[in-house]
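What follows is a set of notes on a single structure, which appears directly below.
The values are calculated or read from the model by the stated rules, or taken from the named source; none is laboratory data. What you see is a predicted model; the values in this text were computed from it and never measured. A quick note on method: Cβ atoms are made from the backbone with ideal geometry, for glycine too, and the neighbour counts reach across all protein chains shown.
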Amino acid sequence: MILFEADGLTKHFPLRKGLFGRSNGAVRAVDGVSFTIEAGRTLGVVGESGCGKSTTAKLVLKLEEPTGGTIRFMGKKLHDLDAAGLREYRKSVQAVFQDPFASLNPRMRVSDIVAEPLITNETLTKGEARQRVARLLELVGLPDRAADLFPHEFSGGQRQRIAIARALALSPKLVVLDEPVSALDVSIRAQILNLLRDLQRDLGLAYLFIAHDAQRLPGQDVERHAVHRPHHQRACPAQQAAAHGEVLAKIARAQQHVAHGMCSQQRAVCPAATVTDGGACSRHRSSATGQRG
């Protein structure tokens, strides 16, 4: 079943010049992009900086309004939705951003961060909200005591788990992952990718996975991919075919990497131990949540 569909999606940012801000051309950030995402599947979007990946994510999240094209969610055009329909859409489409520390409020405890979307969108007692937060933290592999801590008391991988828990709070159907592992150490990227794969299998989530490199896609879960290039840098058909083959080769290598669950360098350092989010093996860490990243 097709969950999300974009047809001819376009976003141009006008360039204004002069005292009165007259339009002087436009930046064509997204130009005629079309794709579909099926329920429970992953669409990977790979491309270099400035090619429109994050702008596409903002259009999907309705943080930006498209210049042209149509977006359909579960067969309905977003343009035709009323206020109640838009609220349901925003609950059904959540995001996990690149930098987990920047996306979390440093003044709020984890329990408040994860419970914020629940309190905003649902009517819950404090006890019910606390139980929901505990279940979400367990779902992403964090202990109950993590709820009373602040973001700076966690490692980078653990902070990203908190961001994932917050994104899952409203039981979304589609999660936009904007380079969710690019700010993490190499040693823990595979663990976050494995977590995302397990959540997709257990909860039936669909992912729009944006990455700078095909090796950072969640391996075998990627159904298809799109390589976007800036308009003025588009290559000839022969170059595009070569780039297409290179991306497929990288995805194949990424599948082997994710299947092992950790990199070979970690196995050489501590072959008998389990690697945790902090990048060190479990026998060398006294606490999973008490250290800073």
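Listed here are the residues, each with its yes/no results for (1) surrounded by fewer than 23 Cβ atoms within 10 Å (Cβ to Cβ); (2) among the charged types (D, E, K, R); (3) within 24 Å of Ser111 (Cβ to Cβ).
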position	(1), (2), (3)
Arg159	no, yes, yes
Arg166	no, yes, yes
Ser171	yes, no, yes
Val175	no, no, yes
Pro180	no, no, yes
Ser187	yes, no, no
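Condition first: exposed (fewer than 15 other Cβ atoms within 10 Å of the Cβ) and hydrophobic (A, V, I, L, M, F, W, C). Now tell me which residues in segment 47-75 satisfy that.
We begin by selecting, within segment 47-75, every residue exposed (fewer than 15 other Cβ atoms within 10 Å of the Cβ); these are 48-50, 63, 65, 68, 75.
Result: Leu63, single match.
Taking the condition of being in a helix (DSSP H, G or I), of a type outside the set (Val, Ile, Thr), in contact (Cβ under 8 Å) with a residue 60 or more places away in the chain and in contact with a strand residue (DSSP E or B) (Cβ under 8 Å, 6 or more places away or on another chain), how many residues in segment 167-203 meet it?
5
Out of (1) under 18 Å from the mean Cα position of the chain (by Cα); (2) hydrophobic (A, V, I, L, M, F, W, C); (3) farther than 18 Å from Val96 by Cβ, the odd one out for Ile162 is which?
Only one criterion is unmet by Ile162, namely (3).
Among the residues of segment 81-102, what is the count of those that are touching a Phe, Trp or Tyr at 6+ places or on another chain (Cβ under 8 Å) and part of a loop (DSSP other than H, G, I, E, B)?
Of the residues in segment 81-102, the ones touching a Phe, Trp or Tyr at 6+ places or on another chain (Cβ under 8 Å) are 81, 89, 92-93.
Next, only the ones that are part of a loop (DSSP other than H, G, I, E, B) stay: 81.
Residues that pass the stated criteria total 1.
Hey, can you tell me all the residues within segment 103-123 that are part of a helix (DSSP H, G or I) and among the charged types (D, E, K, R)?
Keep residues of segment 103-123 that are part of a helix (DSSP H, G or I), which gives 110-121.
Within segment 103-123, Asp112, Glu116 meet the criteria.
Given the conditions (1) of a type outside the set (Lys, Arg); (2) modelled with pLDDT of 95 or more; (3) more than 21 Å from Asn194 (Cα to Cα), report the number of the one that Gln94 does not fulfil.
Answer for Gln94: the failing condition is (3).
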